[in-house]
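To start, the structure itself, in structure tokens.
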Amino acid sequence: MTNPYKDKSWFKFLSNKYVWVLLFFCVWMIFLDNYSYFGHRILDQQIEDLEDNTTYYKEEIKKDQQNIKQLKNSEQIEKYAREKYYMKKDSEDIYIIEFEGDTIEKNN
């Protein structure tokens, strides 16, 4: 019994051992290797996320440096302590006023 596809060009192409080796190599590199295409996509996404984090933290560092410069003045330190930590002098009284629109109500 002879192969009816033996003389076809696509059969000759697919029966070539070099084509099979190349196909195996491509499948291996795309799906199975430690440095596969999908692995690189995940790593590239992680790199982008980390770069976004670095820009965010650099901006926060600049804001904090500006706050530190402002807090070198004793009046600014007193203002900051009053606003953030509700500190007061012995002869003062502090009243905290909350408005109805300031709180968020949860509807269950």
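Computed values, structure above
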read-out: Ellipticity estimate at 222 nm from DSSP helix runs (n ≥ 4, -39,500 (n - 2.57)) divided over the chain, nearest 500; value: -19500 deg cm²/dmol
read-out: For the chain, alpha-carbon Rg relative to the globular expectation (2.2 N^0.38 Å, N residues); value: 2.63
read-out: Rel. contact order, % - alpha carbon contacts under 8 angstrom, at least six apart, the chain; value: 6 percent
read-out: Acute angle (nearest 10 degrees) that the helix 37-70 long axis makes with the longest principal axis of the chain, alpha-carbon atoms; value: 20 degrees
read-out: Candidate lysines for bridging to Lys6, where Cα separation is under 21 Å - those fewer than 8 sequence places away on the same chain excluded; value: Lys17
read-out: Mean Cβ count within 10 Å, highest first, over the residues of peptides 86-92, 71-77; value: 71-77, 86-92
read-out: Efficiency of FRET between Ile61 and Ala81 - r from beta-carbon atoms, R0 25 angstrom, step 0.05; value: 0.65
read-out: Extended-chain gain in nm, criterion 0.36 nm per residue less alpha-carbon gap, Asn73 and Ile96; value: 5.7 nm
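Read-outs throughout are calculated quantities, based only on the coordinates presented, and are distinct from any laboratory measurement. Everything numeric here is computed off the predicted structure, so don't read it as measured data. When we count neighbours, we look across all protein chains shown, and the Cβ atoms used for this are built from the backbone with ideal geometry, even at glycine.
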